[in-house]
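**Student:** Below are the structure tokens for one structure; questions will follow.
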Amino acid sequence: MARDPRYDVLFEPVKIGPKTAKNRFYQVPHCNGMGHLYPNGMTAMRGVKAEGGWAVVCTEECEIHPSSDYTPISEMRLWDDRDLPVHERVVDAVHAHGALAGTELVHNSHDAPNRFSREVPLSPSHRVCIYNDPVQARAMDKEDIRAFRRWHRDAAVRAEKVGYDIIYLYVAHNITMLMYFLSHRYNDRCDEYGGSLENRVRLLREVLEETKEAVGHNCAVAVRFAVDELMGEEGVTHDGEGRAVIEMLAELPDLWDVNIAGWENDSVTARFAEEGYQEKFISFVKQVTSKPVVGVGRYTSVDRMVSLVEKGVLDFIGAARPSIADPFLPKKVEEGRLEDIRECIGCNICVSCDFLVHPLRCTQNPTMGEEWRRGWHPESIAAKGSDTRVLVVGAGPAGLEAARALGQRGYDVMLAEATRDLGGRVTLESRLPGLREMARVRDYRAQQIERMTNVEVFRESKMTVDSVLEVAADHVVIATGAHWRRDGVGRRHATPIPGSDLAPPFTPDDILAGRLPDGPVLIYDDDHYYMASVLAERLRAEGRDVIFVTPAADVANWTHNTMEQPRIQARLIELDVEIHTALDLVAIEAGTAVLSCVYSGRETRRDCAAIVSITARLPNDALYGALAADAAALDAAGIGALNVIGDACAPATVAHAVYAGHRYARELDEPKPEGVPFKREMVALAPLS
Ligand code: ADP
Ligand code: SF4
């Protein structure tokens, strides 16, 4: 299909210093949980982005020195020449598809406690290290500043040597030396590097000039700068010091990559911010500089992208998450295939991988992080291995993705769904406050399936043992989901909470089905992800008084990994939800919850009209169990293989369910590998002495 001419502007080449980007799609630096620990995985992932049409593909932040050691978080490193081979591979992988390769040099200052290197952390002023280590950074003296400038210059020269086209100075997200020098909160120096804004900008200006001088003839030098910290005069503001800094350095860099600090303000989840909410903060930048400007906003609307360029807000459409959810987004726009774009849902599961230090994964894109180790490509998949007919039971994320990917392979697929609606849990949950974009998990797959003549969808078709046997497909895969437990078993309780049988609490399934309890409602959260907090919002919207009880130290504790926790707790406080942390539900009596302090065991009683228990789920595996128990009937019906996937196998996140569906489809008719079913990155042993 031809590209819509309205989008031509997005495919104009743009000069960045001595380099030219072939279009306006720009993958900004983003963490991925791989970095120097999983370099092949990271390289292949970047290569796929370049193949997908991004004109610029950057690495994540890249530490310039052992005194900026983020262990256990895994980023890239350019400490010395021994780091170069990995970078060479990244650059080659990106160049192979005609994209420019960028890298983001960083010193993490007192954000890095140097757990591996054990170097003394450095900072503009004496400050505690972030990450709660009982460790402090010392204030840098002049010799330290000279050394820092030298390290930065040396890293830039190395980056140029391996062929990077764009070399970044990182002055954003509240985690970098150059940002801390600039910040009046963190810089209380009395010398020429502290005090006035001009003094606080001095180090940035020096490093910028030195980088330009060292590599500027051959590489573009970019500054990634946070124009606002969303904390008013306490921090940088877009109409105060943020603007002043860009005015002072306007023409010095070859490109401005502008955003909002900290990272939690830049990569806000869809629950808390709309696409492009950053626009009002960054829109001034192009009025102040003639250099190209890139900015992010979880942009997936192509019309919005065009308008940003036409209005003169941005020269490049920056993307981290949209490029993770769909590495081929630019190609799809170019080829006029907008309906094929897998839009990011803004859930930040990708972000959690950085905090939890494992290879990147994405709710929408099951191939993310698997490009090298499993050889999965986001767009292509092996043709079917036989003329097998497959019955998929259940059209939640697992069943939909299995049917879509099997259909893409060319199998004849029947997808049977008990209800009228496709989507399973994502359809139900997308009706809860803030979760609307979850429906994109369904919409992308449903749209793809609709166009496949080899995939038939049967709605309102609740399958039973008899009907499955009657269909007599060659393969049957059960993806019937899960339901929430009513007995309180979860992380805290290995056995049912006493009284849960006599006065059964409500569960999220009740509320999703529109069965709302009367108030006051006590929500017991031993799940610690988003569900309990969105139900609290939902019940407050219905006018119920809500008491929120959790054994954890704070509300929705796991959402620290998606950077949502402070916003969730703030929202519940604003909604007048009564919050009790470190408190357990130990017994249920009619009209009363018996609660216990998790530390002292001291018991209290709380009257309430209803309890909603959010602890764990149980697979809906009765159909699978009954079929599996009757091998003779399967045989007689000609069913060669029966599988169970997604929540029906083991309840987990939507990302897990999509992955399970995809994996099932990939592996059908493929030989089962012996041993570990994926490639591993192995540590190269250095000589013992
Ligand atoms: P997952 O996350 O594993 O995909 P979901 O709970 O989101 O699981 O989706 C499961 C889907 O399976 C739901 O849409 C549900 O209606 C459907 N389903 C459950 N049991 C049957 C059945 N016996 N026949 C057909 N569909 C079923
Ligand atoms: Fe978007 Fe979620 Fe994928 Fe991250 S994990 S890219 S937020 S869909």
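The values are calculated or read from the model by the stated rules, or taken from the named source; none is laboratory data. Everything numeric here is computed off the predicted structure, so don't read it as measured data. Positions of Cβ are backbone-derived with ideal geometry, glycine not excepted, and every protein chain shown enters the neighbour counts. Remember, those area values only see protein heavy atoms, side chains included, never the ligands or the DNA or RNA. Shrake-Rupley method; radii C 1.70, N 1.55, O 1.52, S 1.80 Å.
**Student:** Which ones in the stretch 115-134 are over 20 Å from Ser74 (Cβ atoms) and open to solvent by less than 80 Å² (accessible area, probe 1.4 Å)?
**Tutor:** Leu122, Ser123, Pro124, Ser125, Arg127
**Student:** If you scan the stretch 558-597, which residues turn out to be part of a helix (DSSP H, G or I) and either in the same structural domain as Leu230 (by TED's automatic domain parsing) or open to solvent by 50 Å² or more (accessible area, probe 1.4 Å) (or both)?
**Tutor:** Answer for the stretch 558-597, where residues must be part of a helix (DSSP H, G or I) and either in the same structural domain as Leu230 (by TED's automatic domain parsing) or open to solvent by 50 Å² or more (accessible area, probe 1.4 Å) (or both): Trp558, His560, Pro566, Arg567, Arg571, Ile573, Glu574.
**Student:** Identify the single condition in (1) within 16 Å of ligand 2 (Cβ to nearest atom); (2) aliphatic (A, V, I, L, M); (3) in contact (Cβ under 8 Å) with a residue 60 or more places away in the chain that Val309 does not satisfy, given that it satisfies every other one.
**Tutor:** (1)
**Student:** What do you reckon, is Tyr277 assigned to a loop (DSSP other than H, G, I, E, B), buried (at least 20 other Cβ atoms within 10 Å of the Cβ) and either assigned by TED's automatic domain parsing to the domain that holds Lys19 or within 10 Å of ligand 2 (Cβ to nearest atom) (or both)?
**Tutor:** no
**Student:** Could you please let me know if Gln408 is more than 22 Å from the chain's Cα centre (by Cα), surrounded by 16 or more Cβ atoms within 10 Å (Cβ to Cβ) and farther than 19 Å from Ala513 by Cβ?
**Tutor:** For Gln408, the condition - more than 22 Å from the chain's Cα centre (by Cα), surrounded by 16 or more Cβ atoms within 10 Å (Cβ to Cβ) and farther than 19 Å from Ala513 by Cβ - is met.
**Student:** Filter the stretch 236-263 down to residues that are in contact with a His (Cβ under 9 Å, 6 or more places away or on another chain) and open to solvent by 10 Å² or more (accessible area, probe 1.4 Å) and give me whichever is farthest from ligand 2 (Cβ to nearest atom).
**Tutor:** Taking the candidates together, the pick is Glu241.
**Student:** How many residues does the stretch 348-364 contain that are among the hydroxyl-bearing types (Ser, Thr, Tyr) and within 16 Å of ligand 1 (Cβ to nearest atom)?
**Tutor:** Going through the stretch 348-364 one residue at a time, the tally reaches 1.
**Student:** Assess whether Tyr131 counts as being in contact with a helix residue (DSSP H, G or I) (Cβ under 7 Å, 6 or more places away or on another chain), assigned by TED's automatic domain parsing to the domain that holds Ala50 and either part of a loop (DSSP other than H, G, I, E, B) or not β-branched (Val, Ile, Thr) (or both).
**Tutor:** no
**Student:** Could you identify the single residue in Ala416, Ala395 that is assigned by TED's automatic domain parsing to the domain that holds His662, modelled with pLDDT of 95 or more, over 16 Å from His662 (Cα atoms) and open to solvent by less than 10 Å² (accessible area, probe 1.4 Å)?
**Tutor:** Of Ala416, Ala395, the one residue that is assigned by TED's automatic domain parsing to the domain that holds His662, modelled with pLDDT of 95 or more, over 16 Å from His662 (Cα atoms) and open to solvent by less than 10 Å² (accessible area, probe 1.4 Å) is Ala416.
**Student:** Same structure, new question: Tell me, yes or no, whether the stretch 303-319 has at least one residue that is touching an Asp or Glu at 6+ places or on another chain (Cβ under 6 Å) and of a type in the set (D, E, K, R).
**Tutor:** no
**Student:** Also: Please go through (1) among the aliphatic types (A, V, I, L, M); (2) open to solvent by less than 30 Å² (accessible area, probe 1.4 Å); (3) more than 16 Å from ligand 1 (Cβ to nearest atom) for Met452 and return the number of the only condition it doesn't satisfy.
**Tutor:** It fails just one condition, (2).
**Student:** Another question, if that's okay. Look through the stretch 399-428, keep the residues that are within 16 Å of ligand 2 (Cβ to nearest atom) and not charged (D, E, K, R), and return whichever of them is nearest to Ala652 (Cα to Cα).
**Tutor:** Step by step, filter the stretch 399-428, then rank; the result is Val426.
**Student:** Residues that are open to solvent by less than 80 Å² (accessible area, probe 1.4 Å), within 11 Å of ligand 1 (Cβ to nearest atom) and outside the structural domain of Asp527 (by TED's automatic domain parsing): list the helices (runs of 4 or more DSSP H) wholly contained in the stretch 616-689 that include at least 1 such residues.
**Tutor:** Fully inside the stretch 616-689 and qualifying: 622-628, 654-667.
Here is a yes/no grid of residues against (1) modelled with pLDDT under 95; (2) within 14 Å of ligand 1 (Cβ to nearest atom); (3) under 28 Å from the mean Cα position of the chain (by Cα); (4) not in a loop (DSSP other than H, G, I, E, B):
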site: Asp421; (1), (2), (3), (4): no, yes, yes, no
site: Leu428; (1), (2), (3), (4): no, yes, yes, yes
site: Pro433; (1), (2), (3), (4): no, no, yes, no
site: Thr480; (1), (2), (3), (4): no, yes, yes, no
